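Got a structure for you, questions after.
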Amino acid sequence: MAEFTSNSVEEYLKGKTILVTGATGFLAKVFVEKILRVQPNIKRLYLVVRASNPHVALQRLHTEVFGKELFKIQREKWGEKFSSFLSEKVVAVAGDVSLHNFGIKDQILIEEMLKEIEIIVHSAATVRFDERYDVAMGTNTMGAYNAINFAKICLRIDIFLYVSTAYVCGKAKGLILEEPFRMGQTIKRSSELDINLEKQLIEEKLSELQARNANEKTITSIMKELGTIRANLHGWQDTYAFTKAMGEMVVTSMKENIPLIITRPTVIIGTLSEPFPGWIEDVKTIDFVFVEYFKGAITSFVGNSKITLDLIPVDMVTNSMIIAMLVHSKNNTSNNLIYHIGTSLRNPIKLSEIQDLMHLYITKNPWLKNYGKSGTLYEKFTFNPNYTEDLEFPQYKGSRLKRIMNMYRPYLHFEGIFDDKNTEKLRMAIKGVGSVERKFNLDPKSIDWKEYLENVHFPGLLKYSMQPKM
Ligand SMILES: NC(=O)c1ccc[n+]([C@@H]2O[C@H](COP(=O)([O-])OP(=O)(O)OC[C@H]3O[C@@H](n4cnc5c(N)ncnc54)[C@H](OP(=O)(O)O)[C@@H]3O)[C@@H](O)[C@H]2O)c1
């Protein structure tokens, strides 16, 4: 590929038109912020947002994306001109990824999009581990199908980037390679997967439930159960990972000559440094455990403290996505397809170290005691590999916590390490290119876990998601 120079990224992005799905979500809004910050002279950003019409889509973008503190540097930079800058660059598209052409009704808009779009970043997903099977199939698998089909009719498409998850590998152990799925491949390998058959099963189950006039609660519960059964049957831990894996199969098998990148981030947490340290959207996955411990609600959770938990700051994920886009653009063709974006290989942190840092943080920040209702605040936190259904947590109705523990159990017992040879090639591509390496840090070794968790991530998590009573 052509060598990077100090302004390769800016040059590549200049005048480009990018479509992003999932921009009201955590990862894609950090991506959008970075793009607008490093290259305000992009041509256009089409942001597909679930909404009844473009006006509502725009409203959502203003409140849920550009109105967030994440954009404070941009707001300071542009001052009063921020709104006009946004109206010039951003088009709010009311759309739903589970529908053909994202369900966009405005034909003139579609024509314009097809003529202009050069990059598609497909980040939209339902990230609920135990989502209803019909919803997860529609969003994660058919969403990927609709997005790649849309890319195929874009006249100037240069890159299609699908955001997947590292945990599509199931409950694997040892070194997990950056290998694509072939269509129909399963984790169990003894079974063969037929996505059309899975869709048929969903339709049949829904028809059956409608025929017996099942109420919404029953339908939700049965469709959730169906997802788990089908995921487990083929070896995946949950409906989320299963439907994301099928999304990968779909884009890989349908891409034809479109430059495709599949990024597989691990567990994404708050920003390391950009646009400023410690920004986070809301409480997901392991952050739930941190917050509940800091609130004094729990002192123990399911998990094996001996394992390495692969955490990755969100800005490192978006930096990797941008550098991968350049490396794959038509002029720079690369044969790599999959990029693991994580830390477990190059800068691992064990769950036992995380539990020590949690305790250190809470003992150093006694003001948190306002949250302590159980009187357990200063107890050391433990991950319990032998968690049983009978564990009691005073601040919860047992069932909710049990459900969450069961969902997180595979992730907190996960014994794999994510190989990242392909991502390492991205690091090598920008190595020594001073300003690029600085502006697009994707080096896990640059994370000082103690400093980051104690002084950046934990305080950020509390600030943005917990709003403690001072
Ligand atoms: N967070 C993690 O730790 C993590 C780790 C690895 C991989 N990933 C992957 O990273 C991507 C982004 O995750 P995230 O954490 O940013 O998730 P998120 O905060 O839940 O955002 C998901 C986004 O997808 C949108 N969406 C969902 N269904 C849609 C539909 N039918 N049509 C259009 N948009 C739809 C949501 O829109 P609404 O606002 O309308 O709901 C939201 O903007 C996902 O593909 C996920 O699988 C995440």
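Order of MET113, MET321 from fewest to most other C-beta atoms within 10 Å? It would help to have the intermediate numbers written out before the result.
Working: MET113 23, MET321 28.
Neighbour counts put them in this order, fewest first: MET113, MET321.
Considering only DSSP states other than H, G, I, E and B, which trypsin sites (Lys or Arg not before Pro) in the range 143-194 qualify as loop sites with at most 11 other Cβ atoms within 10 Å? Please report the intermediate quantities before stating the final value.
Numbers: sites: LYS152, ARG156, LYS171, LYS173, ARG182, LYS188, ARG189; in loops: ARG156, LYS171, ARG182, LYS188, ARG189.
Passing sites in the range 143-194 are ARG182, ARG189.
How much mean residue ellipticity at 222 nm does the chain get from its helices, if each DSSP H run of length 4 or more adds -39500 (n - 2.57) and you divide by all residues, to the nearest 500 deg cm²/dmol?
-12500 deg cm²/dmol
What order do you get for VAL436, VAL56, VAL20 when you list them from fewest to most C-beta neighbours inside 10 Å? Don't skip to the answer; put the middle values down first.
On the way: VAL436 22, VAL56 14, VAL20 25.
Sorted ascending by nearby Cβ count, the order is VAL56, VAL436, VAL20.
Take the range 202-253, drop everything but the C-alpha atoms, weight them equally and run the Debye formula without solvent; then report log10 I(q)/I(0) at 0.16 Å⁻¹ to two decimals.
-0.55
Under the rule a/c < 1.5 gives rounded, and otherwise a/b versus b/c splits prolate from oblate, where does the chain land using the Cα gyration tensor?
Working: a/c = 1.44, a/b = 1.15, b/c = 1.25.
Because its axes are fairly even, with a/c under 1.5, the chain counts as rounded.
Would you mind checking which residues have amide H under 5 Å from ILE447's amide H? H placed 1.01 Å from N; only 5 or more apart, or other chain.
Under 5 Å from the amide H of ILE447 lies no amide H from a residue far enough along the sequence or on another chain.
Shifting gears a bit: Would you work out which of VAL302, ASN335, ILE261 lies farthest towards the positive end of the dipole of the range 258-336, given +1 charges on the beta-carbon of Lys and Arg and -1 on that of Asp and Glu, about the Cα centre?
Positive-most Cα among the choices belongs to ASN335.
Then there is this: Sequence gap of 8 or more, or different chains, plus Cα separation below 21 Å: how many lysine pairs satisfy both in the range 407-462? Could the numbers behind the result be given before it?
Working: LYS421/LYS431; LYS421/LYS445; LYS425/LYS439; LYS425/LYS445; LYS431/LYS439; LYS431/LYS445.
Here the count comes out as 6.
Label-point separation (nm) for LYS445 and LEU114, each offset 7 Å from Cα along Cα-to-Cβ?
Distance between the two pseudo-spin positions: 4.9 nm.
Is the shape of the range 403-447 rounded, prolate or oblate, going by the alpha carbon gyration tensor and its root eigenvalues a ≥ b ≥ c, with a/c under 1.5 for rounded and a/b larger than b/c for prolate? Intermediate results must be reported in sequence, preceding the final value.
Numbers: a/c = 4.56, a/b = 2.68, b/c = 1.70.
Judged from the Cα gyration tensor, the range 403-447 comes out prolate (a/c at least 1.5, a/b above b/c).
Now for a separate question. If we count GluC sites (Glu not before Pro) as exposed when they sit in a DSSP loop and have at most 16 other beta carbons within 10 Å, what is the longest stretch of the chain that avoids them all?
Working: sites that count: GLU3, GLU192, GLU256, GLU379, GLU389, GLU392.
After excluding every exposed loop site, the longest remaining stretch is 4-191.
Taking a ≥ b ≥ c as the square roots of the eigenvalues of the Cα gyration tensor of the range 229-311, is the shape rounded (a/c under 1.5), prolate (a/b larger than b/c) or oblate?
Working: a/c = 2.93, a/b = 1.47, b/c = 2.00.
Judged from the Cα gyration tensor, the range 229-311 comes out oblate (a/c at least 1.5, b/c at or above a/b).
Something else: Projected onto the charge dipole of the range 155-236 (+1 at Lys/Arg Cβ, -1 at Asp/Glu Cβ, origin at the Cα centre), which of ILE202, LEU175, TYR162 gives the Cα projection farthest towards the positive end?
In the range 155-236, that residue is LEU175.
Given the Cα-Cα distance of GLU204 and ARG75 and 0.36 nm per residue of separation, how much length would full extension add, in nm?
Full extension from GLU204 to ARG75 adds 41.4 nm.
Further, regarding this structure: Residue by residue, what Karplus-based ³J(HN,Hα) values in Hz, rounded to whole numbers, does the range 165-179 have, using 6.51, -1.76 and 1.60 with θ = phi - 60° and x for Gly and Pro?
9, 4, 7, 5, 6, x, 8, 5, 10, x, 7, 9, 7, 7, 10
Here's a follow-up. As a quick test, which of the pairs LYS68/LYS115; LYS29/LYS72; LYS171/LYS284 have an alpha carbon distance above 24 angstrom in this structure? Intermediate results must be reported in sequence, preceding the final value.
Details: LYS68/LYS115 31 Å; LYS29/LYS72 13 Å; LYS171/LYS284 20 Å.
Over 24 Å Cα-Cα: LYS68/LYS115.
For a quick check: sort LYS72, LYS34 by the number of other beta carbons within 10 angstrom, fewest at the front.
Numbers: LYS72 13, LYS34 20.
The order, fewest Cβ neighbours first, is LYS72, LYS34.
Throughout, read-outs are computed from the coordinates displayed, never taken from laboratory work. Note that the coordinates shown come from a computational prediction; the quantities given were computed from them, not determined experimentally. FYI the Cβ positions are ideal-geometry reconstructions off the backbone, even for glycines, and counts take in every protein chain you see.
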